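Visitor: This is the structure, below, for whatever I ask next.
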Amino acid sequence: MKREQILKACQEDPESIVALIAHLEENVQRLEARVKTLEDQLNKNSRNSSKPPSSDGFKKPNPKSLREKGKRSVGGQKGHPGHTLSMTDKPDHVVVHQLNTCTCGQGLMDSPVIRSERRQVWDIPPLKMEVTEHQAEIKCCSACGSVNKASFPEEVTAPVQYGARVKSMTIYLNQYQLLPYDRIQELFHDMFGHGLGQATCVSANHHLYNQLETIEADIIERIEENDVVHFDETSMRVKGKNHWLHVASTDQYTHYTVHEKRGRIGMDEASILPTFSGTAVHDAWKPYWGYSCHHALCNAHHLRELTFVYEQGNQKWAKEMIDLILEIKQSVDNKRGTTETLDADEIAVFSRRYDQIIKVGLVEEAGLNPPEQVTPKKRGRVKQSKAKNLLDRLQTHRLEVLSFMCDFRIPFDNNKAERDVRMTKVQQKISGTFRSEQGAKTFCRIRGFISTIKKHSLSVMKGIEAALEGKPFLPL
């Protein structure tokens, strides 16, 4: 409308101007809310949200740890054994460098050796493929005339085949070091001068997958017996479509499964949560609450979300909650090893402070984002701000947030599961997608076995080789 039209409408039809202003105000509120949402998305990074560091791009935030600065200096601490290369008393080879002539020209051939100075060189011997030929004798019995043949070793089943160590190395490189098949073929050609077929790598993985069936069942059983288990899930591409990797972790065992669904159906398929009766540590994803076990929430997630609310929303209560949670953690760390829980009086004080911060936060949030300014959706719940959602979670699940101070067996965060998930994300960055569902299942079973071996500080290569030979072992 032009200025003249507006003035005329004010004189002749003022109600239309009132309606116009109301409409404009509604549009402004809607656009402001949209701008705020987009700004929040742009301002999120790996430090103040659950986004991975790889998503930060070239705008990576400056490192800023939520932990208090320690008193120790950076690097190895006093008493650390170190890893300096040292001499061995039993070298594989000894090369004696003789001294025949003095610097003055006199011959020293007949002079006795006073002493020798030692220097050792650690190196890898020349690498080559070894071929072992098995010959089974065939003999004719002089008594009955029957022809008899000696038996080949059980593992020798074909006229020409690869041994367990070659298969173990291809599995180790592919499943543990995450090298694609093409890179493994190049490595064998460059190091051994041997052309290895891709089908050999695939066949070795599939064979180990079958050999580990009972081991995977044992891992599931031992995880279920634990009092505390960490759970997490992350996206995984299979045949170009999005699937979900589910992980269950303890200090000693790891189990992975892959499923099309992220929620209850996928979790049931993993077969641990439906019968688990201990404490499940997770990130508050809604389907977890449907299981009857005890629950504990990851406070590392809360610290990141609180950082976002404080820095981007300028809400002071969030900083107070960060300080309180870290103070509780420090108190728990100081008493760990001497008791299994904080004193009742200390728990009561921390709980009162926690509740008070929540009350202040609700008031502060209501002042910044009044409920009447939020336009409800046509269906579903009324949309809330990130800060309000976080406040509701901290208030509703107060016991699950603070459980780590009441029972020291319950960890402060869910980092154990997130660490076990991390390398599977690296695999996705390298390979992009699994070509088949069976390939994804093979990776999950083998990777769970490898992770379990590593948690017991055992050799991955020896574990893989033993499993290929039909003697898989599960650490106690």
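The values are calculated or read from the model by the stated rules, or taken from the named source; none is laboratory data. Remember, it's a predicted structure, so these values are computed and weren't measured experimentally. All Cβ positions, even for glycine, are placed from backbone atoms using ideal geometry, and neighbour counts span all protein chains on display.
Visitor: Hey, F231 hits all of (1) within 21 Å of R445 (Cα to Cα); (2) not in a strand (DSSP E or B) but one; which does it fall short on?
Guide: (2) is the only condition that F231 fails.
Visitor: Same structure again: At pLDDT 95 or above and either loosely packed, with under 11 Cβ neighbours inside 10 Å or on the phi > 0 side of the Ramachandran plot (or both): is that true of S151 in this structure?
Guide: Yes: the conditions hold for S151.
Visitor: Would you mind finding the one in A280, A248 that is assigned to a strand (DSSP E or B), under 18 Å from L474 (Cα atoms) and aliphatic (A, V, I, L, M)?
Guide: Result: A248 is the single residue among A280, A248 that is assigned to a strand (DSSP E or B), under 18 Å from L474 (Cα atoms) and aliphatic (A, V, I, L, M).
Visitor: So if I check each of G107, G82, G75, which one is over 30 Å from T307 (Cα atoms) and at pLDDT below 70?
Guide: None of the other options fit; the residue is G82.
Visitor: Kindly check whether there is at least one residue in region 329-351 that is within 30 Å of H243 (Cα to Cα), in a loop (DSSP other than H, G, I, E, B), within 28 Å of the chain's Cα centre (by Cα) and in contact (Cβ under 8 Å) with a residue 12 or more places away in the chain.
Guide: The answer is no, given that none of the residues of region 329-351 is within 30 Å of H243 (Cα to Cα), in a loop (DSSP other than H, G, I, E, B), within 28 Å of the chain's Cα centre (by Cα) and in contact (Cβ under 8 Å) with a residue 12 or more places away in the chain.
Visitor: Which residue, of L108, L187, is of a type in the set (A, V, I, L, M), surrounded by 10 or more Cβ atoms within 10 Å (Cβ to Cβ) and either in contact with a helix residue (DSSP H, G or I) (Cβ under 7 Å, 6 or more places away or on another chain) or closer than 30 Å to A467 by Cβ (or both)?
Guide: Within the list L108, L187, the selection yields L187.
Visitor: Pairs, please: C-beta under 8 Å, at least 6 apart or cross-chain, first residue over 26 Å from S385 (Cβ atoms) and in region 3-32, second surrounded by 10 or more Cβ atoms within 10 Å (Cβ to Cβ) and at pLDDT 80 or above?
Guide: Going by the 8 Å Cβ cut-off, the qualifying pairs are A9/S16.
Visitor: Given the criterion closer than 26 Å to D182 by Cβ and among the small types (G, A, S), identify the matching residue among S451, S457.
Guide: S451
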